[in-house]
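**Student:** I am attaching a structure below and will ask some questions about it afterwards.
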């Protein structure tokens, strides 16, 4: 049956509908000889006669009558699928899944989603919060279109591009004694205070553990450990010590009344990368969200602790899409 094509199926349906080769040829805008040839190929391939022909009429044989509804259904299904593909290509329909650090979802992807929903209301979007390991796993497994996370070593199965860096600072309640520390806040001044840390699975914690200049400061003074930022906030608001977080992750805590001061000597910055499965093209829906994400990053309020680390040309090369527009300005002063 390899020689039967859509042309032959369309010819068969047209002849059945018109009851005439001449009228069917006119409806398909082909010559009668071309139409007759198409029907002959179909009949030769199936080994059955599909029409009874006479000088007055062309009618379906029993076998042709059985085949007609299946042929019509085949074309309807194909047309429906092609319409769906067109709508996906034009972003009238589609879905996208992104796995990212929680702070990035809150302050970048959420504004991006608002823009996306306004422009393309037919696109369904799902955000999942993940650790460094889980983001990479979801993207490699095809469970997420792309992800945003910290990376501590190259992952051969992923395409990666640096999005932004944000500086670490101390987070504590308004009446914590760190408020009275004069001058700039350096890591060594924290050593005598109780620290509340995130779990070792969290990329924010991993980066600090890998920094040799500060790794030894807090081991003996770490009395509390939590798995997420929400639990961390609850402890800090009640005065259970301080924590060290990158600026973007600390934003939600500052909104709730906690204090954030940049730390120096050494200055430590988290790096957030956008990642996708190596060699995999983004779907039109994912591209639309990706563009909105870049716009959201560009629109962030200036902050010395957060620095955009890419140009739009680099992002265009990363995901293989058309020009994103002008280069993104740096958010840092």
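The values are calculated or read from the model by the stated rules, or taken from the named source; none is laboratory data. Here the structure is a predicted model, which means the values were calculated and not measured. So basically every Cβ, Gly included, is an ideal-geometry build from the backbone, and we count neighbours across all protein chains shown.
**Student:** Name the one entry in 158, 116, 68 that is touching a strand residue (DSSP E or B) at 6+ places or on another chain (Cβ under 7 Å), outside the structural domain of residue 294 (by TED's automatic domain parsing), touching a residue at least 40 places away in the same chain (Cβ under 8 Å) and over 30 Å from residue 242 (Cα atoms).
**Tutor:** None of the other options fit; the residue is 68.
**Student:** Quick one: is residue 108 modelled with pLDDT of 90 or more, within 30 Å of residue 247 (Cβ to Cβ) and outside the structural domain of residue 230 (by TED's automatic domain parsing)?
**Tutor:** yes
**Student:** Can you pull out every residue in the stretch 184-197 that is closer than 16 Å to residue 264 by Cβ, at pLDDT below 90 and touching a helix residue (DSSP H, G or I) at 6+ places or on another chain (Cβ under 9 Å)?
**Tutor:** 189, 190, 191, listed by residue number.
**Student:** For residues in the stretch 2-12 being in contact (Cβ under 8 Å) with a residue 12 or more places away in the chain and part of a loop (DSSP other than H, G, I, E, B), which is nearest to residue 56 (Cα to Cα)?
**Tutor:** Ranking the qualifying residues of the stretch 2-12, first place goes to 4.
**Student:** Then there is this: Evaluate the stretch 184-192: report whether one residue or more is touching a strand residue (DSSP E or B) at 6+ places or on another chain (Cβ under 7 Å), outside any helix (DSSP H, G or I) and within 22 Å of residue 256 (Cβ to Cβ).
**Tutor:** Yes, that holds for at least one residue.
**Student:** Quick check on my filter: what residues within the stretch 193-204 are touching a strand residue (DSSP E or B) at 6+ places or on another chain (Cβ under 8 Å) and crowded, with 18+ Cβ neighbours inside 10 Å?
**Tutor:** 195, 196, 197, 198, 203, 204
**Student:** Across the stretch 243-259, what is the total count of residues that are assigned to a strand (DSSP E or B) and surrounded by fewer than 20 Cβ atoms within 10 Å (Cβ to Cβ)?
**Tutor:** 1
**Student:** Out of the stretch 136-153, which residues are in contact with a helix residue (DSSP H, G or I) (Cβ under 9 Å, 6 or more places away or on another chain), touching a residue at least 60 places away in the same chain (Cβ under 8 Å) and either within 21 Å of residue 229 (Cα to Cα) or in a loop (DSSP other than H, G, I, E, B) (or both)?
**Tutor:** Once the filter is applied, which keeps residues that are in contact with a helix residue (DSSP H, G or I) (Cβ under 9 Å, 6 or more places away or on another chain), touching a residue at least 60 places away in the same chain (Cβ under 8 Å) and either within 21 Å of residue 229 (Cα to Cα) or in a loop (DSSP other than H, G, I, E, B) (or both), the stretch 136-153 yields 145, 147, 148, 149, 150, 151.
**Student:** Next question, about the same structure. For the stretch 262-272: of the residues being under 32 Å from the mean Cα position of the chain (by Cα) and part of a strand (DSSP E or B), which is nearest to residue 174 (Cα to Cα)?
**Tutor:** This residue is 262.
**Student:** Among the candidates 207, 109, single out the residue that is over 26 Å from residue 312 (Cα atoms) and surrounded by 18 or more Cβ atoms within 10 Å (Cβ to Cβ).
**Tutor:** Unique residue meeting the criteria: 207.
**Student:** Next question. Which of the numbered conditions does residue 237 fail, given that it passes all the others? Conditions: (1) modelled with pLDDT of 90 or more; (2) more than 20 Å from residue 167 (Cβ to Cβ); (3) surrounded by 18 or more Cβ atoms within 10 Å (Cβ to Cβ).
**Tutor:** (3)
**Student:** Given the conditions (1) modelled with pLDDT under 95; (2) touching a strand residue (DSSP E or B) at 6+ places or on another chain (Cβ under 7 Å), report the number of the one that residue 333 does not fulfil.
**Tutor:** Among (1) modelled with pLDDT under 95; (2) touching a strand residue (DSSP E or B) at 6+ places or on another chain (Cβ under 7 Å), the lone unmet condition for residue 333 is (2).
**Student:** In this structure, does residue 15 turn out to be assigned to a loop (DSSP other than H, G, I, E, B), surrounded by 15 or more Cβ atoms within 10 Å (Cβ to Cβ) and at pLDDT 90 or above?
**Tutor:** The answer is no for residue 15.
**Student:** Could you grab me the full set of residues in the stretch 281-303 that are in a loop (DSSP other than H, G, I, E, B) and either closer than 30 Å to residue 262 by Cα or without any contact (Cβ under 8 Å) to a residue 24 or more places away in the chain (or both)?
**Tutor:** Selection gives 299, 300, 301, 302, 303.
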